[in-house]
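The values are calculated or read from the model by the stated rules, or taken from the named source; none is laboratory data. These numbers come from a predicted model, not from an experiment. Cβ placement follows ideal geometry from the backbone for every residue including glycine, while neighbour counts extend to all protein chains displayed.
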Amino acid sequence: NVMLGHEQTKFGGRLDLAAARARVHEISKRFGFNVDPDALVEDLPVGVQQRVEIIKALSRDAKVLVFDEPTAVLTPQETDELMTTMRQLRDAGTSIVFITHKLREVREVADRITVIRLGKVVGEAEPTASNAELASLMVGRAVELTVHKDPPNLGDEALVVSGLTVTDDVGTVVVDDVSFSVHAGEVLAIAGVQGNGQTELTEAIVGLQDRVSGSARLNGRELAGRSVRDILDDGVGFVPEDRSVDGLVKEFSIAENLMLDRSHGEPFVSRGTIRQNALNDFAREKIEEFDIRTQGPAQPAGRLSGGNQQKVVLARELSRDLSLLVAAQPTRGVDVGSIEFIHTRIVAARDSGIPVLVISTELDEAAALADRIMVMYRGKVVGIVPGDTPREELGLMMAGMSGSSALGGETSA
């Protein structure tokens, strides 16, 4: 991989793997990367794979490195290691452009900070600037970055998942014997590095996976094996992780997207005909309630900003009588102002007695919203811990260490 595209050859046109191996050793030793040049990339942890990418760039004597959201698939410990690497590269004379929306990381590593909003530079700041100052530049107004919530008023167990297993289309187990429960009036966050079974688990609960065994019962009614329509009609609200694919029809109007869950009957459809006046009145009400910045209900959803598209999805799902809210990556690709709003609405749903399942690869988000956090690694549950568990301990769990080992004690079930 390191020599790919810049292959060195020796006599007879054969690849000079020894030269590439020596180059990997040299750069790895210089920066303390500890990368085995003969290891298969597919077998390496994601954080080490990222070091291979850095070695590849440095092997070509790159003077400028661009890191575009590099920590999205890293544990907190791997993120800290990357920050250390970036400082080493800077000190060795490499120029680095670090593109990120994570304020803690940019303040930790940057020498200068440039803020872009709507494609334009809106300001510059020093690393000593506060998160609030940076967020204000990013959004154009003051932003409340702290999620305020009271202790949960727990009701009965609402969602009970037992032994849930999901296999992919080639027979690989991607969710392995997962069990947990969510109480009414509680937020359970599922944390972990992307690709450890969270997506498939979410899809199994809402009926989007076919190869499912085990049980997922909501208020005593089995969800596993039922259609998506039946599950939604049972009061499950679903905010998908990819709104463009599963959350919206971008060519449809905002009003039409707001009725997608209820396009088969009252109050918006009567005898196969859309009741346009009722739909438009509803849409105008939700546009105001959810602060959707738009020209009106008839505007195509695809012309909205990412944050406003997410608000349309959230408005649709929270406008029904819910028995469960499942929110997967609820703030992915939205600005900090929309994050503030979305977090507030999720907490409000929890406070109204709705059980909430949040799936997020953003550890800070999971910790801010959760009453309890369930960590997944390679399809299994590593542990279920209180929402105020330190991020360092959560990071160890995300790397596969058992909950009891990471905490030095018993795991909360």
| request: Return only the number of the condition from (1) at pLDDT 90 or above; (2) of a type outside the set (A, V, I, L, M); (3) assigned to a helix (DSSP H, G or I); (4) under 30 Å from Gly214 (Cβ atoms) that Asn257 does not satisfy. | output: (4)
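Within region 147-186, can you find the residues that are of a type in the set (D, E, K, R) and crowded, with 19+ Cβ neighbours inside 10 Å? If you could, list the steps in order and put the result at the bottom.
Keep residues of region 147-186 that are of a type in the set (D, E, K, R), which gives 149-150, 156-157, 168-169, 176-177, 186.
Across region 147-186, the qualifying residues are Lys149, Glu186.
Anything in region 347-364 that is modelled with pLDDT of 90 or more and within 15 Å of the chain's Cα centre (by Cα)? List them, or say none. Break it down into steps so the answer makes sense when it comes.
Filtering region 347-364 down to residues modelled with pLDDT of 90 or more leaves 347-360.
Matches in region 347-364: Leu357, Val358, Ile359, Ser360.
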| query | In region 346-379, which residues are surrounded by 19 or more Cβ atoms within 10 Å (Cβ to Cβ) and more than 23 Å from Leu394 (Cβ to Cβ)? | reply | Ala349, Ile354
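Quick one: is Phe33 in a strand (DSSP E or B), surrounded by 12 or more Cβ atoms within 10 Å (Cβ to Cβ) and aromatic (Phe, Trp, Tyr)? So that I can check it myself, show each step before the final result.
Numbers: in a strand (DSSP E or B): no; surrounded by 12 or more Cβ atoms within 10 Å (Cβ to Cβ): yes; aromatic (Phe, Trp, Tyr): yes.
Spelling it out, it is not the case that Phe33 is in a strand (DSSP E or B), surrounded by 12 or more Cβ atoms within 10 Å (Cβ to Cβ) and aromatic (Phe, Trp, Tyr).
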| said: When you check Val236 against the structure, is it surrounded by 19 or more Cβ atoms within 10 Å (Cβ to Cβ) and under 21 Å from Leu188 (Cβ atoms), yes or no? | reply: yes
| query | Of the residues that sit in region 328-341 and are at pLDDT below 90 and of a type in the set (A, V, I, L, M, F, W, C), which one is farthest from Leu134 (Cα to Cα)? | reply | Phe341
| said: When you scan region 213-224, do you find a residue that is touching a helix residue (DSSP H, G or I) at 6+ places or on another chain (Cβ under 9 Å) and assigned to a helix (DSSP H, G or I), even just one? | reply: no
| request: Check every one of the strands (runs of 3 or more DSSP E) wholly within region 86-146 and list those with 3 or more residues that are modelled with pLDDT of 85 or more, surrounded by fewer than 17 Cβ atoms within 10 Å (Cβ to Cβ) and of a type in the set (A, V, I, L, M). | output: 95-99
| field | Where Val249 falls short, out of the listed (1) of a type in the set (A, V, I, L, M, F, W, C); (2) outside any loop (DSSP other than H, G, I, E, B); (3) under 29 Å from Leu218 (Cα atoms); (4) touching a residue at least 40 places away in the same chain (Cβ under 8 Å) | value | (2)
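Does Gly235 satisfy being at positive phi and either touching a residue at least 40 places away in the same chain (Cβ under 8 Å) or touching a helix residue (DSSP H, G or I) at 6+ places or on another chain (Cβ under 6 Å) (or both)? It would help to see each step written out before you state the result.
On the way: at positive phi: yes; either touching a residue at least 40 places away in the same chain (Cβ under 8 Å) or touching a helix residue (DSSP H, G or I) at 6+ places or on another chain (Cβ under 6 Å) (or both): yes.
Spelling it out, Gly235 is indeed at positive phi and either touching a residue at least 40 places away in the same chain (Cβ under 8 Å) or touching a helix residue (DSSP H, G or I) at 6+ places or on another chain (Cβ under 6 Å) (or both).
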| task | Could you tell me whether any residue of region 290-297 is more than 22 Å from the chain's Cα centre (by Cα), surrounded by fewer than 20 Cβ atoms within 10 Å (Cβ to Cβ), assigned by TED's automatic domain parsing to the domain that holds Leu201 and within 30 Å of Ala191 (Cα to Cα)? | result | yes
| request: State which residue is surrounded by the fewest Cβ atoms within 10 Å (Cβ to Cβ) when the search covers only region 1-30 and only residues that are in a helix (DSSP H, G or I) and of a type in the set (A, V, I, L, M, F, W, C). | output: Phe11
| task | Residues being out of contact with any strand residue (DSSP E or B) (no Cβ under 7 Å at 6 or more places or on another chain) and either in contact (Cβ under 8 Å) with a residue 60 or more places away in the chain or hydrophobic (A, V, I, L, M, F, W, C) (or both): count how many of those fall in region 200-231. | result | 3
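Name the single residue that is farthest from the chain's Cα centre (by Cα) among those in region 1-38 being polar (S, T, N, Q) and within 22 Å of Thr85 (Cβ to Cβ). It would help to see each step written out before you state the result.
At the first step, the residues of region 1-38 found to be polar (S, T, N, Q) are 1, 8-9, 28, 34.
Next, only the ones that are within 22 Å of Thr85 (Cβ to Cβ) stay: 1, 28, 34.
Numbers: Asn1: 28, Ser28: 31, Asn34: 29 Å.
Among residues in region 1-38 that are polar (S, T, N, Q) and within 22 Å of Thr85 (Cβ to Cβ), the one farthest from the chain's Cα centre (by Cα) is Ser28.
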| Are any residues in region 21-43 touching a helix residue (DSSP H, G or I) at 6+ places or on another chain (Cβ under 7 Å), more than 22 Å from Asp91 (Cβ to Cβ) and among the hydrophobic types (A, V, I, L, M, F, W, C), and if so, which ones? | Val41
| query | What number goes with the only condition from (1) under 25 Å from Val97 (Cβ atoms); (2) surrounded by fewer than 11 Cβ atoms within 10 Å (Cβ to Cβ) that Arg51 does not pass? | reply | (2)
| Is it true that some residue in region 44-54 is over 28 Å from the mean Cα position of the chain (by Cα) and without any contact (Cβ under 8 Å) to a residue 12 or more places away in the chain? | no
| said: Could you tell me how many of the residues in region 366-413 are farther than 20 Å from Glu200 by Cβ, modelled with pLDDT of 85 or more and in contact with a strand residue (DSSP E or B) (Cβ under 8 Å, 6 or more places away or on another chain)? | reply: 11
